[in-house]
Amino acid sequence: MNRLEVLRTKLPYFVLIVAGATMIAQDAMAACSDYPAPGVDWSNCRKRNVVLSDIDMSNANLASANLIGSDIRNTRLINSNLSKVMISRTNFSKANLAGADLSKAEGSRSVFVGAKLTNVNFTKAAMFRTNFAEANLAMANFSKTEMGRANFQSANLAGVSFQFSNVSRAEFSKADLAGADFNNAWLYRTQFSGVDLSKTINLKQDQIELACGDLDTKLPAGISRPVAWPCNSE
């Protein structure tokens, strides 16, 4: 069989492969162009700096999507998949993400003020300088998460897991931390001034020695108040 005959034999298979790849690409593009709605599949889609406020997108698939700088205020993302999503500087104020998966999300300087984040999975996420003020984070999982300088002022953190997480220099004033688990959390200069830590669990003396508090900070039984907090001057 000469070379021309070989090419003729293989050509139909090559055409099928190209056609299949084209169809897959078209399907992917079609998903990314779908309108925001419950159950929408925008996984791996680029949605930077878009306005998605006041929309119901419950049960959406946004895994590995790029939502950097977008406006997602007041939006419903209940039980949605946002694993590995990119949400730096994205605004989720007063959004409802109850039960959502944000594991391994990249969300530095994102905003969740007043958001509902109950039972949300933030495991191994990067949430540096994120603003969670007044958010309801009851039973959320922040295990192994990076949250340096995050703002948790007046947030509901009842039952939250901070196990093996970095919350250095984070602000917890007026936060509810009943049942919060600080097992092996890094608390370097974490701000606990006036905070009730008496009902937290797995908080150790060496952790509190690195943190910041004042005379109004309430500590768990067995934890002694440091002779001098390391950051009274801040």
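The values are calculated or read from the model by the stated rules, or taken from the named source; none is laboratory data. Not measured: the values here are computed from a predicted model. Here the Cβ is made from the backbone with ideal geometry for all residues, glycine too, and neighbour counts use every protein chain on show.
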**Report entry** Subset of the stretch 45-64 (residues that are over 14 Å from Cys32 (Cβ atoms) and not aliphatic (A, V, I, L, M))
**Finding:** Asn49, Ser53, Asp54, Asp56, Ser58, Asn59
Query raised in the report: Given the structure, is Leu187 within 24 Å of Pro38 (Cα to Cα) and either within 14 Å of the chain's Cα centre (by Cα) or modelled with pLDDT of 95 or more (or both)?
Result: no
Query - Evaluation of Leu203 against (1) buried (at least 21 other Cβ atoms within 10 Å of the Cβ); (2) not in a loop (DSSP other than H, G, I, E, B) (one fails), failing number - result: (2)
**Report entry** Count - residues of the stretch 112-138 that are surrounded by fewer than 24 Cβ atoms within 10 Å (Cβ to Cβ) and among the hydrophobic types (A, V, I, L, M, F, W, C)
**Finding:** 5
Query raised in the report: Taking the stretch 69-92 as the region of interest, how many residues are surrounded by fewer than 19 Cβ atoms within 10 Å (Cβ to Cβ) and hydroxyl-bearing (Ser, Thr, Tyr)?
Result: 0
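Would you check if there is a residue in the stretch 39-47 being more than 15 Å from Ala115 (Cα to Cα), at pLDDT below 95, among the basic types (Lys, Arg) and not in a loop (DSSP other than H, G, I, E, B)?
Step one: list which residues in the stretch 39-47 are more than 15 Å from Ala115 (Cα to Cα), which gives 39-47.
Of the ones still in play, those that are also at pLDDT below 95 are none.
Within the stretch 39-47, not a single residue is more than 15 Å from Ala115 (Cα to Cα), at pLDDT below 95, among the basic types (Lys, Arg) and not in a loop (DSSP other than H, G, I, E, B).
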**Report entry** Every pair of residues 6+ apart whose Cβ atoms lie under 6 Å, when the first sits in the stretch 115-134 and is over 25 Å from Asp54 (Cα atoms) and part of a strand (DSSP E or B) while the second is at pLDDT 95 or above and of a type outside the set (A, V, I, L, M)
**Finding:** Ala126/Glu106; Ala126/Glu146
